[in-house]
Amino acid sequence: MLRFLGVIATLGAVALSTGCAGPTASSSAEIQRALNVDNSSSVEEYILGPTDVVQVSVWRNEDLSTSVPIRPDGKISVPLVGDIQASGKTPETLANDIEERLASYIRQPQVSIVVTSMGSHEFSDRVRVTGAVEQPMSMPHRAGMTVIDVFLEAGGENEFASLNNSKLYRKSGGKVVVIPVRLGDIVNRGDISTNYGLRPGDILSVPERAF
């Protein structure tokens, strides 16, 4: 999580410091791979992390059921089981691990995990707009969200914006891919060819024009 936030901070600094030209766009192949990722859902499979709160329910054993936060060390405490690693697992995997531990104490345990608070994804599941817009901002990602959605949410461009030099920064394949976005064409000409669907963690940067 800290490493992810470090990447976001770096991207934000780059985005805010760009001039009209901005950083060079990534190669066509890199851009295509980054854009080919399915944008229909915010998260393919939820991965638990510190500060999440989970409800552990053991069928027909209310005394063993509990609601607990995932500690900074990534573990939770469950009756009979004791400390067990939760961070980095899906809820289903965690339920299976608890069942294996409980099998030493009760017959055929059935465990379900419900995430009641998703604090660990508060920042990693957001998208951001920086640069020459009326209100640079960070907002939760929603399925179906596109470039124009976040641009309008940020109040549109300010008087210094160079819309057709905008860039979309996306982490893909272990690196940050820089994708050109022609916001001016989207807004003024109705050309939506670069109105890309957004992924959690994307940053849209609108640079200032040269004077």
For the ranges 108-116, 181-189, 125-133, what's the packing order if you count other beta-carbon atoms within 10 Å of each residue, average per peptide, and put the highest first? 125-133, 181-189, 108-116
Rounded, prolate or oblate: which one fits the range 162-211, using the alpha carbon gyration tensor with axes a ≥ b ≥ c (rounded when a/c is under 1.5, else prolate when a/b beats b/c, else oblate)? oblate
Can you find, among Val68, Pro207, Val54, the residue sitting farthest towards the positive end of the charge dipole of the chain, where Lys and Arg contribute +1 and Asp and Glu -1 at Cβ? Pro207
Relative contact order (%) - the chain, alpha-carbon pairs under 8 angstrom, separation at least six: 25
What is the range 93-138's relative contact order, in percent, from Cα pairs under 8 angstrom and six or more apart in sequence? 24
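Summarise the accessible area of the range 109-211 (1.4 Å probe, protein heavy atoms) by the percent that is carbon and sulfur.
On the way: 2300 of 4730 Å².
Answer for the range 109-211: carbon and sulfur cover 49 percent of the accessible area.
Using the heavy atoms of the protein chains and a 1.4 angstrom probe, tell me the accessible area per residue for the chain in square angstrom.
Details: 11170 Å² over 211 residues.
Result: 53 Å² of accessible area for each residue.
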Inverting the mean 1/r over all pairs of different Cα atoms, compute the Kirkwood radius of the chain and quote it in Å. 19.3
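Kindly rank 53-64, 157-168 from highest to lowest mean number of other beta carbons found within 10 Å of each residue.
Per-residue mean Cβ counts within 10 Å order the peptides as 157-168, 53-64.
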Using Cα positions and a limit of under 29 Å, work out the lysines in reach of Lys175, with same-chain residues fewer than 8 apart set aside. Lys89, Lys167
Under-5 Å amide H pairs with Ala154, H placed in peptide plane, nonlocal only: none
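Could you rank the peptides 72-78, 202-208 by their average count of other C-beta atoms within 10 Å per residue, with the highest value first? The partial results should precede the final answer.
Working: 72-78: 16.3, 202-208: 24.3.
The peptides rank, most packed first, as 202-208, 72-78.
The values are calculated or read from the model by the stated rules, or taken from the named source; none is laboratory data. Please read all numbers here as calculations on a predicted model, not as lab measurements. Here the Cβ is made from the backbone with ideal geometry for all residues, glycine too, and neighbour counts use every protein chain on show. For the accessible areas, the whole protein counts, side chains as well, though only heavy atoms, and no ligand, DNA or RNA atoms are used. Shrake-Rupley method; radii C 1.70, N 1.55, O 1.52, S 1.80 Å.
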